[in-house]
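The values are calculated or read from the model by the stated rules, or taken from the named source; none is laboratory data. Computed from a predicted structure; not experimentally measured. Neighbour counts run over all protein chains shown; Cβ positions are idealised from the backbone, glycine included. What goes into the accessible areas is simple: the full protein's heavy atoms, side chains included, and nothing from ligands, DNA or RNA. Shrake-Rupley method; radii C 1.70, N 1.55, O 1.52, S 1.80 Å.
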Amino acid sequence: MKSYLAAAIQMTSLPDLQKNLVQAEELIDLAVRRGAELVSLPENFSFMGEEEDKIALADAIGLQSEKFLKTMAQRFQVTILGGGFPVPTDGGKVYNTCLLVDPNGSEVARYKKVHLFDVNVPDGITYRESSTVKAGEDLPPVYVSPDLGTLGLSVCYDVRFPEVYRHLSHKGADVLFVPAAFTAYTGKDHWKVLLQARAIENTCYTIAPAQTGHHYGRRQTHGHAMIVDPWGVVLADAGEEPGVAIAEINPDRLEQVRRQMPSLQHRVFL
C-alpha cells in the first residue's frame with residue numbers, strides 16, 4: 001500500500017439520469033485533475049427521485065450506471081466506487097447496489113445494501129426504503145488492492161450498525177467507504193460523529209461521499225462529504241455545495257495510529 005489521494009464526491013442528484021451522469025463526470029474529472037487515484041460517488045449518484053419513478057426506470061438506471069462507472073474508471077485510470085444505484089430483482093424490487101471498479105474497468109467488489117432506511121424522521125417525513133428495495137443478505141466485501149490498501153464497502157444507513165464495520169476491519173480493511181444520501185435532519189446531529197466513531201473504533205480511514213441540498217419534493221440531504229483519518233480527524237469536508245473532498249490516505253499514519261491505539265488487537269468478542 002502506498003500513499004495516495006482519495007476523493008469523496010458530493011452531488012445534488014435529481015430525477016434525471018443523464019443530468020446526474022454529466023454532473024458525476026465533471027466532478028470525477030475535477031477529482032482526477034487534483035490528483036485523486038481513488039474516487040467515490042455517493043448513494044443515488046445516478047438517480048434520486050420518487051420511488052415509483054426509480055422502479056419504472058430501474059433497468060435503464062442500473063445498466064447505464066454500471067457502464068458509466070466502468071467507462072470512467074478506464075478513461076481516467078482510477079479506481080471508482082459507485083455508492084449506490086438500483087439493480088432490478090425478481091419480484092418488482094431493486095437492490096441498492098454499491099460497485100467498486102478498478103482502472104481496467106473491471107468490477108472488483110459489489111455489495112447489496114443490507115440495512116434499509118424505514119424511519120419516521122422527526123421532521124415529519126417518513127422513509128420506507130423497503131417498499132421498493134430488497135435487502136441484501138450478505139455481509140459487505142473487502143477488496144485487497146496492492147496500491148490502495150484493503151477497501152471495505154458499505155452504504156449510508158449501514159453506518160448506524162457498527163457490527164458491519166467490525167466485520168470489515170476483521171477482514172483487514174484499511175479504508176471504509178460510507179457513500180450516503182443522509183437526511184438533512186439527522187445529518188446535522190449524527191453524520192460527522194458516526195463517521196468519526198467508525199474510523200476511531202476500527203482504526204481505519206473513512207471515505208464518505210454524500211448527497212447535498214434539495215432533490216425532489218421534500219427530499220433534502222445533509223452534504224458534508226468527508227474523509228476521516230484513523231484517529232478520527234476530519235481531513236476534508238465538502239461543506240454544503242456540490243464538489244469534492246480530497247485527502248491523503250497514508251499507510252504510515254495508519255500504522256502509527258494502530259501502534260499507539262492497538263484496540264483491534266485487544267478484542268475479546270469477535
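If you take every DSSP beta bridge fully contained in the chain, what fraction is antiparallel? Give it as a percent rounded to 5.
If we restrict to bridges inside the chain, about 70 percent are antiparallel.
I'd like the FRET efficiency for residue 188 and residue 104, computed as 1/(1 + (r/R0)^6) with the beta carbon distance as r and R0 of 35 Å, rounded to 0.05. Provide the component values of the computation, followed by the final result.
Details: r = 40 Å, r/R0 = 1.14.
For residue 188 and residue 104, the calculated efficiency is 0.30.
Using the rule -39500 (n - 2.57) for each DSSP H run of four or more residues, divided by the residues of the chain, the 222 nm mean residue ellipticity is -9500 deg cm²/dmol.
Would you indicate which of (1) -0.94, -1.12, -1.51; (2) -0.97, -1.05, -1.20; (3) -0.76, -0.89, -1.19 is the value of log10 I(q)/I(0) by the Debye sum over Cα atoms at q = 0.13, 0.14, 0.16 Å⁻¹ derived from the coordinates of this structure? So the calculated entry is the one marked (3).
Across the accessible surface of the chain, with the other protein chains kept in place and a 1.4 Å probe, carbon and sulfur atoms take up 51 percent. Computed from Cα positions, the angle between helix 184-202 and the longest principal axis of the chain comes to roughly 30 degrees.
Taking amide H positions as modeled 1.01 Å from N, with prolines and chain starts lacking one, the residues under 5 Å from residue 84 and 5 or more places away or on another chain are 44, 45, 99. Here the range 213-234 is scanned for amide nitrogen atoms under 14 Å from the site 7 Å beyond the Cα of residue 126 along Cα-to-Cβ, giving none. Just 118, 237, 29 to compare: in a GNM of the chain, with alpha carbon springs under 10 Å, which one fluctuates most? Judging by the Gaussian network model, the answer is 118. For the chain, the solvent-accessible area of protein heavy atoms averages 42 Å² per residue (probe radius 1.4 Å; ligands and nucleic acids excluded). Taking the longest Cα principal axis of the chain as reference, the axis of helix 251-260 is set at about 60 degrees. Relative to the longest principal axis of the chain, what angle (0 to 90°, nearest 10) does the C-alpha long axis of helix 17-33 take? Helix 17-33 sits roughly 20 degrees off the main axis of the chain.
With contacts defined as alpha carbon pairs under 8 Å and 6 or more residues apart, what's the relative contact order of the range 29-83 in percent? Could the numbers behind the result be given before it?
Working: 41 pairs, mean separation 32.1, N = 55.
Relative contact order here is 58 percent.
Of all the options 14, 116, 63, the one that moves most in a Gaussian network model of the chain with Cα springs shorter than 10 angstrom is 63.
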